[in-house]
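Throughout, read-outs are computed from the coordinates displayed, never taken from laboratory work. As the structure is a computational prediction, the values presented were derived from the model and not from experiment. Here Cβ is always computed from backbone atoms with ideal geometry, including for glycine, and neighbour counts include all displayed protein chains.
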Amino acid sequence: MEEIPFNRPRLVGTEHRYIDEALATGKISGNGVFGRRCASWLRDKVGASAAMITPSCTAALEMSGILGRLEPGDEVIVPAFTFVSTANAFALRGAVPVFVDIDEATLNIDPGAIERAITKRTRAIVVVHYAGIACDMDAIMAIASRHGLIVIEDAAHALPAWYGDRPLGSIGHLSTFSFHETKNLQCGEGGALLVNDPELVQRAEIVQEKGTNRSRFFRGEVDKYTWLDIGSSYLLSEVGAAFLWAQIEYADAITAERVGIWERYYEAFAELEDAGLVRRPVVPAECRHSGHLFYLLLPSADERDDFIRDLRRAGVHSVFHYLPLNLSPGGRRFGREPERPVVTESVSDRLVRLPLWSGLGEERTEQVVDAVRSVVTSGALRR
């Protein structure tokens, strides 16, 4: 029986040709033909004032910290259940990540926990659309408006996904996306910053170009460029952008395929959920997800660990996800938790992600389904 990896990056077939075209232009550093093409597509797809292609989502988050003018001692509210970059990008500015709990249904940041965590030092709220399922953005934007806070969407899982009729990434002041090899659209490593506040666009260009007005120089708007602000080298190379453009051309097909696999898993495990053996993802009626990942929640940490081990023996590789940032050495050193995020800690112990990648195919998908059913029911019998 074929071993099924947790992830396998898909090539659509035109990556090499576009990379050759990029090399032939003689400009491969960044913001060339392919970089601008990717940025324009993303800007139009989401409906932002500007889009900037970056080396990673982490880099885009770092840019958002600079654009938010965060200073040492400022506080940034983040979910405790997220990847380290969501917090680290702001700790680099000297800001304090404030870890709050998640909603038990969606695993997204809890608006009530946000409200309780706000202090006179709070400057920003970072929301993570976990599994490409939207946070409660109406509630979060209302909280931000009442307290004069900036909202940054970490939409690494959410291209494309919607909250009502609004694409995720278009609602906060700033948003970030990932093109890591595990994402729907990928170029190995890559990301993007979207700017929804027009007043931040010009400064974002400067921050991306090492703190200079180099972008304006290349457009012929100034006769020389110089150092104006803090910034860094937040440009994806043209080689990476050419690879990404090949993926973008197949965006609709890739998304449809992943959503189809997600829906097959969801339907297949309904009986296991009805029997109280697992819990499937919850997608609110107003949300349309991206098909980025599919998870199950097991009853306990031991059962989750047994599940991963037994599934591996059946030839299917599954993984757990985030460890709570509030419990990590870095989280304890650089952040704080106003109240214990008990849902985060429980979910982290019990969550398992199943293989979900473009190219998985019907036969392998059914192999995963059969293995999960067998492992879960045999575990139930052992209990």
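Quick test of the membrane-span-like rule: which DSSP H helices of the chain reach at least 30 Å along their long axis (C-alpha atoms) with mean Kyte hydropathy at least 1.6?
On the way: long enough: 361-382 (32 Å, -0.29).
Membrane-span-like by this criterion, though nothing is claimed about a membrane: none.
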Reachable lysines from LYS210, criterion Cα separation under 22 angstrom, eight or more residues apart if same chain: LYS27, LYS224
Tally Lys and Arg at +1 and Asp and Glu at -1 over the other residues with C-beta under 12 Å from the C-beta of ARG258: what net charge comes out? 0
Give the lysines reachable from LYS45 as a straight Cα distance under 21 Å; neighbours fewer than 8 places away on the same chain don't count. LYS183
Rounded to the nearest Å, what's the spacing between the alpha carbon centres of the range 270-333 and the range 1-30? Just the number, please. 30
I want the local charge near GLU221. Using Cβ-Cβ distances under 14 Å, sum +1 for each Lys or Arg and -1 for each Asp or Glu among the other residues. +1
Which ordering of VAL222, VAL343 is given by a fewest-first count of other beta-carbon atoms within 10 Å? VAL222, VAL343
Listed with the fewest Cβ neighbours within 10 Å leading, TRP162, TRP262 appear as TRP162, TRP262
Stretch gain in nm, segment SER40-ALA275, where the contour uses 0.36 nm per residue and the Cα spacing is subtracted: 79.8 nm
Only Cα pairs under 8 Å and at least 6 apart count here; give the relative contact order of the range 15-248 as a rounded whole percent. 27
Quick one: order LEU311, LEU61 by neighbouring beta-carbon count within 10 Å, fewest to most. LEU311, LEU61
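Work out, step by step, the length gained on full extension between LEU11 and ASP370: first 0.36 nm times the residue separation, then minus their alpha carbon distance; give nm to one decimal.
On the way: separation 359, 0.36 × 359 = 129.24 nm, distance 2.72 nm.
In short, 126.5 nm is gained.
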Under unit Cβ charges (Lys, Arg +1; Asp, Glu -1), what dipole magnitude, rounded to 20 debye, does the chain have relative to its Cα centre? 960
